[in-house]
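To start, the structure itself, in structure tokens.
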Amino acid sequence: MNTHATVTAVTERIRARSAPGRTAYLERLQATAARTRGADRMGCANVAHAFAAMPSNDKFKVVAERAPNIGIVNAYNDMLSAHQPLQHYPDLVKDEVRRFGATAQVAGGVPAMCDGVTQGLPGMELSLFSRDVIAMATAVALTHDMFDGALMLGVCDKIVPGLLIGALHFGHLPTVFVPAGPMPSGLSNNAKAKVREQAAQGLVGRAELLQAESAAYHSAGTCTFYGTANSNQMLLEAMGLHVPGTAFVAPGGALRDELTREAARTVLGHGGTIGGNTAAFKCPPIGQLVDERAIVNAMVALLATGGSTNHLIHWVAVARAAGIVIDWDDFAALSEVVPLLSRVYPNGSADVNQFQAAGGTGFVIHELLDAGLMHEDVLTVRAGGIRDYTHEPLLQDGALAWAAPGPSKDEAIVRSATAPFSATGGLKLLQGNLGRSVIKVSSVPDDRHVIEAPARIFESQEALQKAFSAGELERDLVCVVRWQGPQANGMPELHKLTPPLAVLQGKGFKVALVTDGRMSGASGKVPAAIHLSPEAAAGGPLAKLRDGDIVRLDAPAGTLQALVPQAEWDARTPDTMPEALRVANGLGLGRDLFAGMRRNAAAAEEGATTWL
């Protein structure tokens, strides 16, 4: 199958745009890879420190037998349900690599916070920047420089992008990502959303709301809606950085344990094969694997599944870590030709367990490859290339095997590329005199794709919630929440706004949200122009907007415009962020430690990076 012309064109313009940075990156990678292995290159004291706590047998293997030593970077903690299963993965990995004469060490741990815990609270203002902290912690772990390969253990929102950015700064190492899988289905996401809307209206109390939330989030594993965490897993499959089909296999049990062992075998080059390919295979360095084609494959998979808009920030940063420059125009161009193949909450009623049962990642990748919408000529961590990722893992007589997905098992959840839910990916770039932003329309009713209404300006999400509770928003309006960008307060997610806005929309009002903050993959059915750049705190045009200005959000046309006479608009002086708000954003609960990151943060479209 020939690659689609638009996919080819976007890839080529990314390659041309990235050529200087990518060339320099690969030259650094090759120079690093050409060095003598760590245990031979370093001084005796260095080596002794590195292996002091190792069992004697392992020391002998590394030093005398020159065996491979695998570094494990672990995001384990038992606050995050998705990461709690990672506690015992290092033991499985060490046991498995010893079977092949190799060794493994936990090189380091990285912080991992739960956005679900911090939603609407001060801790959420650290969330986006935690990605770069995780990248730096990954670098600290790997900078001991004693490793021949790496395994990245992590799942959730900022953790996977952070691990990936950190790993790409050690791009000379073969690296495999190891997830933990979703929790069993509990209270449906639709039922949970309904209770939240009832709580926003005061129809149910805290006890009922807590009961519903606890029934939705109830055990170890990833949350079951298709937000940023589960989008991470889809993108890693599409980039060939997992053992094929690993993303949505439940934690615990023999299959999950065997997949973890297979990750260890894969990084050593001893992974099993699919389709009878028995050729010798060496897992490639991650910096070589993650090229322009792999990045485009991830972007396509995101669009085809209606994934999290957070990745319009994160994957820009990931690409930059590999010397590659992408922007929102690239996402928008791909969205015009990539069909929507899945409906998973919030873009549908199914959860990721039902998505997996209907065909999951293997089905989606198979359809995209056959439609010419993904690059097939890419490196992956497996000998069979990206076609291996069209298969689903299972156990046969205690051994791993893979099966082709076949047709969709539920066309309400996944569909073929020839009969998609939508001909386009549901992501739109919006441009106008308010700047550049994005909107995810795949879950927004068709009659809400264009909203024109007076603006109501809020300086915080708490102010909007207060106005809603006071009954001040019972009309058509565009709610504008500013001072929410990376430089202002770390760009927190604003999910607490979804229930009140959904209530207003449910009452028949035409409402929309415009913000320089984030909403991510759980933004739902209310039209939301998010990630507005440049942000208000950096002097962006959102700071010129006034209460009562008519704002037009037109997703089909790709515009976001304040309908203010040009002369008046040009004459306006942008508001400045209230000093009291700026001071409050920077103090307490650790936020003052991140002042440097806020000052140095790039714009959302540049990945909100703090390290460039």
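Values in this text are rule-based calculations from the coordinates and carry no lab data. These numbers were taken from a predicted model, which means no experiment stands behind them. Neighbour counts run over all protein chains shown; Cβ positions are idealised from the backbone, glycine included.
Quick notes
- When all alpha carbon pairs of the chain are counted in 20 Å bins from zero, the resulting P(r) reads 21, 55, 22, 2 %.
- Summed over qualifying helices (DSSP H, 4 residues or more, each -39500 (n - 2.57)) and divided by its residue number, the chain shows a 222 nm mean residue ellipticity of -11000 deg cm²/dmol.
- Fully extended contour minus Cα-Cα distance, from Ser56 to Lys409, at 0.36 nm per residue: 121.9 nm
- Highest mean first, the peptides 176-188, 9-21 sorted by other C-beta atoms within 10 Å per residue fall in the order 176-188, 9-21.
- Straightening the chain between Gln119 and Arg475 buys 125.5 nm, computed as 0.36 nm per residue apart minus the Cα-Cα spacing.
- Working ranking of peptides 283-293, 134-144 by packing, defined as the average number of other Cβ atoms within 10 Å per residue, highest first, is 283-293, 134-144.
- Counted as membrane-span-like here are DSSP H helices of the chain whose alpha-carbon atoms extend 20 Å or more along the helix's own axis and whose Kyte-Doolittle mean is 0.0 or above; these are 127-142.
- Label point distance in nm, His144-Ala64, each placed 7 Å from Cα along Cα→Cβ: 2.2
- Charge dipole of the chain about the Cα centre (unit charges at C-beta), most positive-ward option of Phe509, Leu612, Cys156: Leu612
- The charge dipole of the stretch 427-606, taken about its Cα centre with unit charges on the Cβ atoms of Lys, Arg (+1), Asp and Glu (-1) only, comes to about 320 debye.
- Separation of alpha-carbon centers, the stretch 323-396 and the stretch 1-68, rounded to whole Å: 27
- Figure legend: label point modelled 7 angstrom from the Cα of Thr6 along Cα→Cβ; residues of the stretch 424-465 with amide N under 13 Å from it are 424-429.
- As a calculated quantity, the FRET efficiency between Ala19 and Ala191 at R0 = 60 Å, using C-beta atoms, amounts to about 0.75.
- FRET E, pair Arg572, Asn77, Förster distance 45 Å, beta-carbon r, rounded to 0.05: 0.40
- Taking the three principal axes of the alpha carbon atoms in the stretch 427-606, the coordinate ranges are 44, 37, 31 Å, sorted in descending order.
- Relative contact order (%) - criterion: Cα under 8 Å, at least six apart; region: the chain: 14
- If the chain linking Lys466 and Asn600 were pulled fully straight, counting 0.36 nm for each residue of separation and taking away their Cα-Cα distance, it would gain 45.0 nm.
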